[in-house]
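Novice: Here you go, one structure.
The values are calculated or read from the model by the stated rules, or taken from the named source; none is laboratory data. The structure displayed is predicted, hence computed values, not measured ones. Every residue, glycine among them, receives a Cβ derived from its backbone with ideal geometry; neighbour counts consider all protein chains shown.
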Amino acid sequence: MRWSIALPALFGVAAVAVASVAVASEPERAALRAPAGHLPCIVQGVWGDGDFGAGKYRRVIDVWAQHAPYDLIVMTTRAKKELTDDEVYRQVQEAAAYARQKGMGMAMNLDVRLARSAFRERYPDEMQEVIRLAEVPLSESGTASVRATPLRLGDHMTGGTTPYVSLAGRAVRVYCYRKGDEGIEPDSVRDVTETCRVVAAGPGEVKVAVPCSPATRGCHACLLAAFTHFTPAVFAPHLLPFLDELVRKYGDAGLAGATIDEWGFPPSYGSLEGNDLWYSRFYEQAYAERTGGRDLVRDCLLMCFGERGRHGERAAAVNRYLELDRLRNGEIESHYYRVVKDVFGPESFVGLHATWWPDVCTREFKKNGLDWWVAPRDLAQTDESVPWCCRTSLCKKWGSPVCYNEFYNTNMPPYFREVWSGALAGGRVTYHPRYPRPQGERDPDHGQTYLLRGPLMQAECRVRMLNFIAKTPADCPVAVIFGHACAMNWAGPAHGQAGVKLAERLRAAGFPADLIPSSEIGSDALRIDDEGFVRYGPQRYQAVVLYHPEFEKPPTAELLRRAAAAGKTALYRLGTWTLDFDGRPFDGEAALPENIVAVADEDACVERVVADLKHRGVEPQVAFGPSKLDVEIIAQGKPAPCRGHARLIDGTHVVMAAEKDPTGDPIQTTLAIGEREVEVDALGVVAVRLDGDGQLEAAAAGGLKHLRTGRTEIRLPRRVDLALWRGDDGGWHGVVQDCEGDLPPALAAMTDDWVRLAVPRPWAGE
């Protein structure tokens, strides 16, 4: 698995010294951290302009080292200084060394967007452009004025420095045409650029005067203006070499790896069916090569406004344009992954999330072509409120046992919700501690230590007991394979519909679903396995829903025909398939297997899938991820309940309870696992895995008091956080946490291979 080879290099420091039966008195801080090779606790650090110079980074690292179990710091800058500056390099080198002394690794965000001035100085003609379309009606005499203004673009990558401002504007082309009820009349379209007069062409506006005549009466003119923005063009020919150079600059800085965060085109809160599209002459060239010589500028008019009788051609243009976005952004993400591994070593860490807007929506289509599933990471990572159906499917794609979700909120209760509900559904938290911030007091740490003032880290430490036995992600018996092209295509029948609500409804019914884009068909991850099941990474599916397959390519039908022939996975289809990817008529019903069940709507789909899964003997789960209702609750600062049970692919059963106590409620129950029963008395979390003979293979628990199953019984005189598993040698290995003094006899009798961990005390804010 990707995570198992990536993590040991991060913790080749004092953290490995915790493996001893007696509690080590020195170094005390190392005992807060997990041994090498286990899933890390990750924190996102941020440096602003005031955080540079004279060891200013040390205070926050000191507090983290003493009062948090953080293993890995992923650091970024939001300062006017760029990554190419020697001062930034020196601080990264010093901070990485200082973090290692404290038992933590540090990975740095080495994104080219944090060196935009340097890129522009070297390659001034390779900056990103946006084409904006502005339309004006024409009369029969005089001139008509048409004006376009630039987008205002900025995000966290530009915090503290210059946003993605417009640097220049120019008129690319002007078209004249007539419009009817079905859009532009294609035979009426004329290029009138040469007859127009450019009144203004600058970074703030482009204005053109269009001559009118009796021939233009009833016509419209459209200005296609290009604005150049302060960021490298996604299709710039020197982008990848510059990125290589940037990463290699930090090759000897002592980093544990590097990160890239929310890569793609600059954030734009509109959608591509509006009047602006990403552009550059390099993009135009790539589009022509991919489409057999089509003119991207002319197709912008077609894609935005539509033309009578050219629906299929318009749909094909949108498909090709957006696919090109996804492929290029995926190429950049993959290249970054490879160069980081080359520079820092194969065990270095490449992380942070490809997700920007935390939903499968039109904004994300515009940002990166929805490249989440082709942006390689060592661990599956998302942010904010990304739907759980995406988080779990990304685990399957990247071979990650959990999905780390970067989370922040202005209130404390939502953090507890994220810790517990996330762990229940197969996730962990990347702490982004810029919020909350203390009110009415001086805060020299800019919010980066406030989370450590209460019991949040105690909850995190209790949940991390799962990390020692959780080797596979959450078991999701259903795959919703959504038509990637159809969801993104604003000229299609289901724009913006990617099956998220369907997957959430299946989850609410007790049957979690992975959401997978159809563009994954043909990848090594999504396939038919040797026993005939549809499989995505380690996950075998009992049911697959093909969701809105309009514009699909032949491999989609081929995969489902093979699955139908094998007869192991139940197949369903929601939505029609009347056009192929190139906009040509296509009989999808005939191409798909006869025994795929066509459902009329999501209600019918949920009802049919749930009934079939129950008939197959699939046991429901009660795992609650962040639903829309939960988001509304936690936005008000109220704790949302977390109680339920789930299972992992390897058969591990997980029970969570944290409705009242933020560090975990009592769990006193008898679990039925197959034909076996497991009695447990614990706090917050219990996870149990049995072997083929029904005997205990692994267990993890918070505040364990009693566990009994088969030939194994553990009774403890006091509650202990514990993880226990059988190794390849057949012997027991374990971790105890917050256990002072001698080991309880019941544990000492099982094995002498115990690792001791401490729970950090809350920080008083001194």
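Novice: Which of the residues that make up region 382-436 are of a type outside the set (V, I, T), part of a loop (DSSP other than H, G, I, E, B), under 19 Å from F468 (Cα atoms) and out of contact with any Ser or Thr (no Cβ under 9 Å at 6 or more places or on another chain)?
Specialist: Across region 382-436, the qualifying residue is only S400.
Novice: Where residues in region 456-477 are polar (S, T, N, Q) and outside any loop (DSSP other than H, G, I, E, B), which of them is nearest to H615 (Cα to Cα)?
Specialist: As a first pass, look at region 456-477 and keep what is polar (S, T, N, Q): 458, 467, 472.
From what's left, outside any loop (DSSP other than H, G, I, E, B): 458, 467.
Working: Q458: 42, N467: 33 Å.
Checked region 456-477; the qualifying residue nearest to H615 (Cα to Cα) is N467.
Novice: Which members of region 736-763 meet the condition of being among the charged types (D, E, K, R) and either without any contact (Cβ under 8 Å) to a residue 60 or more places away in the chain or under 25 Å from Y70 (Cα atoms) (or both)? Steps first, please.
Specialist: Just the residues of region 736-763 that are among the charged types (D, E, K, R), to begin with: 738, 740, 742, 752-753, 756, 761.
Hits for region 736-763 are D738, E740, D742, D753, R756, R761.
Novice: Would you point out which residue out of C389, C403, C395 is in contact with a Pro (Cβ under 8 Å, 6 or more places away or on another chain) and farther than 23 Å from C461 by Cα?
Specialist: Going through C389, C403, C395 in turn, the sole match is C389.
Novice: Return a yes/no flag: does region 35-48 have any residue that is at pLDDT below 95, crowded, with 20+ Cβ neighbours inside 10 Å, touching a helix residue (DSSP H, G or I) at 6+ places or on another chain (Cβ under 6 Å) and closer than 11 Å to G103 by Cβ.
Specialist: No, there is no match, as no residue in region 35-48 is at pLDDT below 95, crowded, with 20+ Cβ neighbours inside 10 Å, touching a helix residue (DSSP H, G or I) at 6+ places or on another chain (Cβ under 6 Å) and closer than 11 Å to G103 by Cβ.
Novice: Next up: Of a type in the set (D, E), surrounded by 13 or more Cβ atoms within 10 Å (Cβ to Cβ), touching a strand residue (DSSP E or B) at 6+ places or on another chain (Cβ under 7 Å) and over 20 Å from G651 (Cα atoms) - does that describe any residue in region 696-710?
Specialist: no
Novice: If you check A99, A107, A118, which single one turns out to be under 20 Å from G351 (Cβ atoms), of a type outside the set (K, R) and in a helix (DSSP H, G or I)?
Specialist: On the way: A107 fails: in a helix (DSSP H, G or I); A118 fails: under 20 Å from G351 (Cβ atoms).
Just a single option satisfies the conditions, and that option is A99.
Novice: Does R453 meet the test of being basic (K, R), assigned by TED's automatic domain parsing to the domain that holds G48, out of contact with any Ser or Thr (no Cβ under 6 Å at 6 or more places or on another chain) and surrounded by 24 or more Cβ atoms within 10 Å (Cβ to Cβ)?
Specialist: No: the conditions fail for R453.
Novice: Among the residues of region 197-211 satisfying the criterion of being in contact with a Leu (Cβ under 8 Å, 6 or more places away or on another chain) and surrounded by 20 or more Cβ atoms within 10 Å (Cβ to Cβ), which is farthest from Y164 (Cα to Cα)?
Specialist: Among those residues, the one meeting the criterion is V210.
Novice: For region 460-471, state whether one or more residues are farther than 22 Å from G664 by Cβ and touching a residue at least 24 places away in the same chain (Cβ under 8 Å).
Specialist: Within region 460-471, one or more residues are farther than 22 Å from G664 by Cβ and touching a residue at least 24 places away in the same chain (Cβ under 8 Å).
Novice: If you don't mind, another one. Going residue by residue through region 73-93, is there one that turns out to be among the hydroxyl-bearing types (S, T, Y) and within 21 Å of P35 (Cβ to Cβ)?
Specialist: The answer is no; no qualifying residue exists.
Novice: Quick check: anything in region 646-663 part of a strand (DSSP E or B) and either under 20 Å from T751 (Cβ atoms) or of a type in the set (S, T, Y) (or both)?
Specialist: Checking region 646-663: not a single residue is part of a strand (DSSP E or B) and either under 20 Å from T751 (Cβ atoms) or of a type in the set (S, T, Y) (or both).
Novice: Among the numbered criteria (1) in a helix (DSSP H, G or I); (2) in contact with a Phe, Trp or Tyr (Cβ under 7 Å, 6 or more places away or on another chain), which single criterion is violated by E194?
Specialist: The single condition E194 does not satisfy is (2).
Novice: Okay, next question. Those residues that are in a helix (DSSP H, G or I) and closer than 23 Å to H335 by Cβ, I need them from region 206-249; list them, please.
Specialist: Across region 206-249, the qualifying residues are L239, L240, P241, F242, L243, D244, E245, L246, V247, R248, K249.
Novice: Name the residues in region 357-373 that are buried (at least 21 other Cβ atoms within 10 Å of the Cβ) and touching a strand residue (DSSP E or B) at 6+ places or on another chain (Cβ under 9 Å), would you?
Specialist: V360, K366, L370, W372, W373
Novice: Okay, next question. Could you tell me which of the residues L138, L151 is touching a residue at least 12 places away in the same chain (Cβ under 8 Å) and closer than 25 Å to G264 by Cα?
Specialist: L151
Novice: Moving to a separate point now. Would you mention how many residues in region 137-178 are out of contact with any Leu (no Cβ under 6 Å at 6 or more places or on another chain), of a type in the set (V, I, T) and part of a strand (DSSP E or B)?
Specialist: Residues flagged as out of contact with any Leu (no Cβ under 6 Å at 6 or more places or on another chain), of a type in the set (V, I, T) and part of a strand (DSSP E or B) within region 137-178 amount to 1.
Novice: Run A425 past the list (1) aliphatic (A, V, I, L, M); (2) farther than 25 Å from M75 by Cβ; (3) free of Cβ contacts under 8 Å to residues at least 24 places away in the same chain and report the number of the one that doesn't hold.
Specialist: Unmet condition: (3).
Novice: Being surrounded by fewer than 16 Cβ atoms within 10 Å (Cβ to Cβ), outside the structural domain of E194 (by TED's automatic domain parsing) and acidic (D, E) is true for just one of D252, D244, D295. Which residue is that?
Specialist: Every option except D252 fails the conditions.
Novice: Now for a separate question. When the residues of region 499-537 are narrowed to those that are outside any strand (DSSP E or B) and hydroxyl-bearing (S, T, Y), which ends up nearest to V599 (Cα to Cα)?
Specialist: Checked region 499-537; the qualifying residue nearest to V599 (Cα to Cα) is S518.
Novice: Follow-up question, since we're still on this one. Scanning region 116-159 for residues that are acidic (D, E) and under 29 Å from the mean Cα position of the chain (by Cα), which turns out farthest from F227 (Cα to Cα)? Show your work before the answer.
Specialist: From region 116-159, those acidic (D, E) are 121, 125-126, 129, 135, 140, 155; that's our starting set.
From the residues that got through so far, the ones that are under 29 Å from the mean Cα position of the chain (by Cα) too are 126, 129, 155.
Values: E126: 13, E129: 5, D155: 18 Å.
The qualifying residue farthest from F227 (Cα to Cα) is D155.
Novice: Also, quick follow-up: Mind counting the residues in region 512-524 that are surrounded by fewer than 24 Cβ atoms within 10 Å (Cβ to Cβ) and either modelled with pLDDT of 95 or more or touching a Leu at 6+ places or on another chain (Cβ under 7 Å) (or both)?
Specialist: Residues that pass the stated criteria total 2.
Novice: Just wondering, is there one or more residues in region 58-73 that are within 18 Å of Q101 (Cβ to Cβ), in a helix (DSSP H, G or I), in contact (Cβ under 8 Å) with a residue 40 or more places away in the chain and aromatic (F, W, Y)? First the steps, then the outcome.
Specialist: Step one: list which residues in region 58-73 are within 18 Å of Q101 (Cβ to Cβ), which gives 58-73.
Filter again for in a helix (DSSP H, G or I), leaving 58-67.
Filter again for in contact (Cβ under 8 Å) with a residue 40 or more places away in the chain, leaving 58-64, 66-67.
Of the ones still in play, those that are also aromatic (F, W, Y) are 64.
Within region 58-73, one or more residues are within 18 Å of Q101 (Cβ to Cβ), in a helix (DSSP H, G or I), in contact (Cβ under 8 Å) with a residue 40 or more places away in the chain and aromatic (F, W, Y).
Novice: In the set D530, D524, which member is under 21 Å from E323 (Cβ atoms), charged (D, E, K, R) and free of Cβ contacts under 8 Å to residues at least 40 places away in the same chain?
Specialist: D524
Novice: Could you say whether any residue in region 340-353 is within 26 Å of F242 (Cβ to Cβ), crowded, with 24+ Cβ neighbours inside 10 Å and of a type in the set (S, T, Y)?
Specialist: no
Novice: Consider K366 carefully, then state whether it is assigned to a helix (DSSP H, G or I), assigned by TED's automatic domain parsing to the domain that holds V340 and in contact with a Leu (Cβ under 6 Å, 6 or more places away or on another chain).
Specialist: Yes, satisfied.
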